[in-house]
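What follows is a single structure, written as structure tokens, with notes after it.
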Amino acid sequence: MVTKNLGFGLMRLPMAGEAVDIAACCEMTDRFLAAGGTYFDTALMYCGKQSEAAVGEFLTSRYPRDAFTVATKLHSGFFQTLEDRDTVFAAQLERTGVEYFDYYLLHAIDRNCYGKYTDLDCFEWLKGKKAEGKVRHVGFSYHDSADFLDRVLTEHPEMEFVQLQLNYLDWESEDVQSRRCYEVARKHNKPVIVMEPVKGGTLATLPEQAEAIFRAAHPDWTPASWALRFVMELPGVLTVLSGMSNFAQMEDNLFTVTDPVLLSEEDHARIRQVAAILRGQESIPCTGCAYCVTDCPMSIPIPRCFALYNEDQQIYGGAGKDWDASVWTPASTYYDNLIKENNGASACIACGACMEACPQHLEIPDLLKTVAHRFEG
Ligand code: SF4
Ligand code: SF4
């Protein structure tokens with residue numbers, strides 16, 4: 001029996017046009033709670049800043065307070081003064097419709113924003129919220145090296161948990177350092193909440209060669225199920241967040257967490273094989289969080305550009321393949337559709353504003369040049 005807890009990540013909620021599809025969220029929430037799930041993870045910036053208010057509609061106004069746990073976050077981009085922190089927090093309570101948060105996180109700590117969180121005394125502030133009973137558990141989400149995580153946890157032992165980007169593709173990544181960050185959290189005895197277990201959906205749709213490896217071993221497991229199992233079985237994992245966008249994804253995840261079959265040594269070898277295949281392809285390690293979009297003066301739909309490029313590479317590409325705009329693929333059609341109503345990758349003026357916000361530390365202007373070369377010529 002897989003005993004790890006599945007968390008409902010609310011970053012990629014189903015949408016009806018520009019608005020969160022509340023009816024679909026209600027249906028998914030009912031199913032999730034009935035299946036024994038409790039953990040809901042939101043943030044101010046998710047779903048075009050609609051996610052927290054949606055929680056109030058589909059969850060907290062419909063269920064008693066002891067039926068669920070809610071996590072939300074303070075992001076360094078949304079406060080400038082000591083007073084701002086309380087203003088943001090009070091608005092979050094009001095929007096979500098709760099009197100306290102079960103989990104509250106300083107959002108996306110890395111070496112760029114850590115100074116702001118410490119200069120504005122956010123760690124002490126968070127302890128104060130806990131003492132007031134407005135927060136039950138305090139922690140932070142994290143996007144930087146393992147060494148820097150060691151420093152943060154050493155300087156702030158009062159943090160009760162850490163939220164890390166863990167998945168089998170980033171496990172040995174030089175940039176994300178999933179394995180090493182996980183080991184640092186374990187060293188500090190901090191429970192881990194896993195984010196991006198399916199890497200923003202990248203591990204849900206695999207190239208045929210990779211998917212065949214999984215299918216041959218367990219025909220009834222989807223690629224996303226393999227990705228979830230990889231992190232769920234790690235010791236010390238409190239919750240695995242899955243950003244479920246529809247009912248089918250939820251059913252697949254619930255099947256995974258209730259399936260008594262565990263990964264064997266041979267399965268782990270298959271996962272390493274698939275990771276090697278994926279690493280051999282020229283994909284952009286964008287998780288689709290869309291943090292970069294807010295400050296882009298050209299309003300470029302950056303994650304959508306990268307997702308289409310990755311799709312192209314994963315399905316039709318291969319290591320070192322240098323296609324230009326003369327080559328048609330389904331993704332190139334979708335890209336053409338996208339830039340009918342938006343600026344394309346070539347509109348980037350290399351101002352660098354997006355890079356400040358990117359938790360994956362991507363060289364976005366350079367990558368957009370690659371995307372523009374591929375799709376726009
Ligand atoms: S560097 Fe390019 S993509 Fe990034 S914010 Fe500036 S214009 Fe937008
Ligand atoms: S480029 Fe970075 S900030 Fe933008 S969506 Fe991708 S991972 Fe998120």
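Just wondering, is there one or more residues in the range 170-180 that are at pLDDT 95 or above and surrounded by 23 or more Cβ atoms within 10 Å (Cβ to Cβ)?
no
Could we say that Glu158 is charged (D, E, K, R) and free of Cβ contacts under 8 Å to residues at least 12 places away in the same chain here?
The answer is no for Glu158.
Hey, can you tell me all the residues within the range 359-374 that are more than 9 Å from ligand 1 (Cβ to nearest atom) and touching a residue at least 40 places away in the same chain (Cβ under 8 Å)?
Those that are more than 9 Å from ligand 1 (Cβ to nearest atom) and touching a residue at least 40 places away in the same chain (Cβ under 8 Å): Pro359, Gln360, His361, Leu362, Leu367, Thr370, Val371, His373, Arg374.
Just give me the residues in the range 68-100 being of a type in the set (Ser, Thr, Tyr) and more than 25 Å from the chain's Cα centre (by Cα), in sequence order.
Within the range 68-100, Thr81, Thr87 qualify.
Kindly evaluate Ala269 against the criterion of being among the aliphatic types (A, V, I, L, M), at pLDDT 95 or above, away from ligand 2 (no atom under 16 Å from the Cβ) and assigned by TED's automatic domain parsing to the domain that holds Gln177.
yes
Only one residue in Met45, Met11, Met15 is within 20 Å of Cys289 (Cβ to Cβ) and surrounded by fewer than 18 Cβ atoms within 10 Å (Cβ to Cβ), so which one is that?
Every option except Met15 fails the conditions.
Scan the range 107-135 for residues that are assigned to a helix (DSSP H, G or I) and under 22 Å from the mean Cα position of the chain (by Cα) and report the count.
Residues flagged as assigned to a helix (DSSP H, G or I) and under 22 Å from the mean Cα position of the chain (by Cα) within the range 107-135 amount to 2.
Confirm whether Val371 is modelled with pLDDT of 90 or more, closer than 26 Å to Asp170 by Cβ, assigned by TED's automatic domain parsing to the domain that holds Met45 and not in a loop (DSSP other than H, G, I, E, B).
For Val371, the condition - modelled with pLDDT of 90 or more, closer than 26 Å to Asp170 by Cβ, assigned by TED's automatic domain parsing to the domain that holds Met45 and not in a loop (DSSP other than H, G, I, E, B) - is not met.
Give the number of residues within the range 291-307 that are within 14 Å of Thr370 (Cα to Cα) and either at pLDDT 95 or above or part of a loop (DSSP other than H, G, I, E, B) (or both).
Going through the range 291-307 one residue at a time, the tally reaches 1.
Could you name every one of the helices (runs of 4 or more DSSP H) located completely within the range 166-269 that has at least 3 residues being of a type in the set (Gly, Ala, Ser)?
208-217, 223-232
Among the residues of the range 277-296, is there at least one that is more than 16 Å from ligand 1 (Cβ to nearest atom) and out of contact with any helix residue (DSSP H, G or I) (no Cβ under 9 Å at 6 or more places or on another chain)?
Yes; the residues of the range 277-296 include at least one that is more than 16 Å from ligand 1 (Cβ to nearest atom) and out of contact with any helix residue (DSSP H, G or I) (no Cβ under 9 Å at 6 or more places or on another chain).
Only one of these conditions is not met by Gly377: (1) away from ligand 1 (no atom under 15 Å from the Cβ); (2) in a helix (DSSP H, G or I). Which number is it?
(2)
Examine the range 333-350 for a residue that is near ligand 1 (Cβ under 10 Å from one of its atoms) and either modelled with pLDDT under 90 or within 24 Å of Asp110 (Cα to Cα) (or both), and state whether such a residue exists.
Yes, the range 333-350 contains at least one residue that is near ligand 1 (Cβ under 10 Å from one of its atoms) and either modelled with pLDDT under 90 or within 24 Å of Asp110 (Cα to Cα) (or both).
Within the range 222-252, how many residues turn out to be surrounded by fewer than 20 Cβ atoms within 10 Å (Cβ to Cβ) and over 24 Å from Cys25 (Cα atoms)?
Of the residues in that region, 4 qualify.
Select, from Val2, Val98, the only residue that is modelled with pLDDT under 95, surrounded by fewer than 22 Cβ atoms within 10 Å (Cβ to Cβ) and assigned to a loop (DSSP other than H, G, I, E, B).
Val2
Does Gln163 fit the bill of being crowded, with 21+ Cβ neighbours inside 10 Å and either out of contact with any strand residue (DSSP E or B) (no Cβ under 7 Å at 6 or more places or on another chain) or over 20 Å from Lys73 (Cα atoms) (or both)?
no
Could you check how many residues of the range 103-135 are free of Cβ contacts under 8 Å to residues at least 40 places away in the same chain and within 21 Å of Arg65 (Cα to Cα)?
Here the count works out to 6.
Step by step: first the residues of the range 343-359, then only those that are more than 11 Å from ligand 2 (Cβ to nearest atom) and assigned to a loop (DSSP other than H, G, I, E, B), then the one that is surrounded by the most Cβ atoms within 10 Å (Cβ to Cβ). Which residue is that?
Filtering first and then ranking leaves Cys348.
The values are calculated or read from the model by the stated rules, or taken from the named source; none is laboratory data. Bear in mind that the values here come from a model prediction, so they are computed numbers and not experimental data. All Cβ positions, even for glycine, are placed from backbone atoms using ideal geometry, and neighbour counts span all protein chains on display.
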